[in-house]
Number of protein chains: 2
Amino acid sequence: MELFFSPLGCSMASRIALYEAGASATFTEVDPVTKLTAGGTVYRDIYPLGLVPALRTEQGDLLTENAAILQYLAERFPEAGLAPRDALGTARLQQWLCFVGTELHKTVFSPLLDRAAPEGARAYALEKATARLDLLERHLAGREFLLDAFSVADAYLFTVLGWSVVTPIELGKWPALAAYHERLSRRPSVARARAEEGKLYAEERARHRAA
Amino acid sequence: MELFFSPLGCSMASRIALYEAGASATFTEVDPVTKLTAGGTVYRDIYPLGLVPALRTEQGDLLTENAAILQYLAERFPEAGLAPRDALGTARLQQWLCFVGTELHKTVFSPLLDRAAPEGARAYALEKATARLDLLERHLAGREFLLDAFSVADAYLFTVLGWSVVTPIELGKWPALAAYHERLSRRPSVARARAEEGKLYAEERARHRAA
């Protein structure tokens, strides 16, 4: 398996899932600005939108879209218990993956993280943030995870919440959410993924400054 | 089962899925402006974000998020064949549901459909449209559906593409996509859902004009 990722991008959720499963994979870094892989391949030739993650399976199929890859990994390594097995649990997992993907990642964070986004797009995104973080705050009060146990939805939510430090969103205003993020950051798979990708992110920034 | 919907909203995909399955359900209309149900209930008391669809199952659970509800319906009515059963097929279904939800619905269409969105947000959305519609155009050239057979992902994509008529996006620039939309509009479940919701949409507009 080969995971195309960018450091601290939403692809980090798939790295966390792979570490949870103890699965081996090749991690191929994609520069989010040049859209070149670490080996110099034009990533848009692999996935035309240029977005990460993408996962090349052992059978050679290329899967894209974070929620699909995360569920594929949960299914591929069932012993890691990264997804519920019952019908309602599966629906709830899909609900949270979809919520994090559509309401948080794309609606709130994508425009805030894009330096090229016009001011109106950033203001619009920020205006949407409160109701969405409030909903998570109410859900996570008194809970350890989004579902009854750690799942790939937590890997995704952790990754997205981590972006708040480079946006005007102050996570501390949502105490249950901030505590959830802090708690997850100490989980071994998460701590390892974050440390490794944090280092790669610093190297990426240094490369861009030097360029 | 009770489906909370707004006419021609993304919830129409769930109506199409229910018609495909020949399943009976109560359809509860939510006014997208007042956020009141047709019976006068405050919809935010049911789902705080006020977004449709939401599905109340026969067991009384409330499910939200379009991709989750669509997959729940496909699972609940397997004889309708609305989702592949194999692992790669499932991953591909999730990939397309996620793509339509994050890249088309939330990134491109939500800001374009929201009259309250600032101009910068609309320009930003429009700028993202071409690459995403190009990707679909290449995928659908020579194909009847997103996957090998009609699935809930087609119900979702059909619904989202239908919104282009009230945006600056001219679907005719993408011939395979326009032909796909036209072809699907003649499918009985789709034609029925669209006719019924089109009528309800006209009534909603008339109510708003009168208010």
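Since every read-out is calculated from the coordinates, none of them should be taken as a lab result. Nothing here was measured: the structure is a model prediction, and the numbers come from that model. Glycine also receives a Cβ, built like all others from the backbone with ideal geometry; neighbour counts cover every protein chain displayed.
With a 10 Å cut-off around each Cβ of B:96-109, the average count of Cβ atoms from other chains is 5. Working note: Karplus 6.51/-1.76/1.60 with θ = phi - 60° gives the stretch B:48-59 the couplings x, 6, x, 8, 9, x, 9, 10, 8, 6, 4, 8 Hz, where Gly and Pro are set to x. The calculated P(r) of the protein assembly as shown, using every Cα pair and 10 Å bins from 0, goes 4, 22, 34, 28, 11, 2, 0 in percent.
Distances from B:Pro175 to itself in the other copies, using label points 7 Å out along the Cα-Cβ axis, amount to 6.3 nm in increasing order. If R0 equals 41 Å, the separation of the Cβ atoms of A:Arg138 and A:Val166 corresponds to a calculated FRET efficiency of about 0.95. In the assembly of identical copies, A:Phe145 has its label point, taken 7 Å from Cα in the direction of the beta carbon, separated from the corresponding points by 3.3 nm (ascending, one decimal).
Largest first, the extents of the alpha carbon coordinates of chain B on the three principal axes equal 47, 44, 28 Å. The rotation axis taking chain B to chain A passes closest to this chain B residue's Cβ, listed with the gap in Å: B:Gly120, 1. The simple spin-label model puts a point 7 Å past each Cα toward its Cβ; for A:Glu127 and A:Glu196 those points are separated by 4.1 nm. 3J(HN,Hα) couplings calculated from phi for the stretch B:39-44 with the Karplus curve 6.51 cos²θ - 1.76 cosθ + 1.60 (θ = phi - 60°) are, in sequence order, x, x, 6, 6, 5, 5 Hz; Gly and Pro show x.
The stretch A:73-194 gives an Rg/Rh value of 0.98, both radii derived from C-alpha positions and Rh following Kirkwood. What separates the B:Ala123 label point from its copies, with the point 7 Å along Cα to Cβ, is 1.3 nm, written shortest first.
Counting Cβ atoms of other protein chains within 10 Å of each Cβ in A:120-127 and taking the mean gives 6.
Please work out the FRET efficiency for the pair A:Ser24 and B:His208, using the Cβ-Cβ distance as r and a Förster radius of 60 Å; give the result to the nearest 0.05. So the FRET efficiency works out to roughly 0.55. Comparing mean-square fluctuations of A:Glu137, A:Glu103, A:Glu79 from a GNM of chain A with C-alpha springs under 10 Å, the top value falls on A:Glu79. Relative protection proxy for B:37-50, A:23-36, from highest mean packing down: A:23-36, B:37-50 (other beta-carbon atoms within 10 angstrom).
The stretch A:141-211 has equivalent-ellipsoid semi-axes of 26, 15, 9 Å, by the square roots of 5 times the alpha carbon gyration tensor eigenvalues, sorted largest first.
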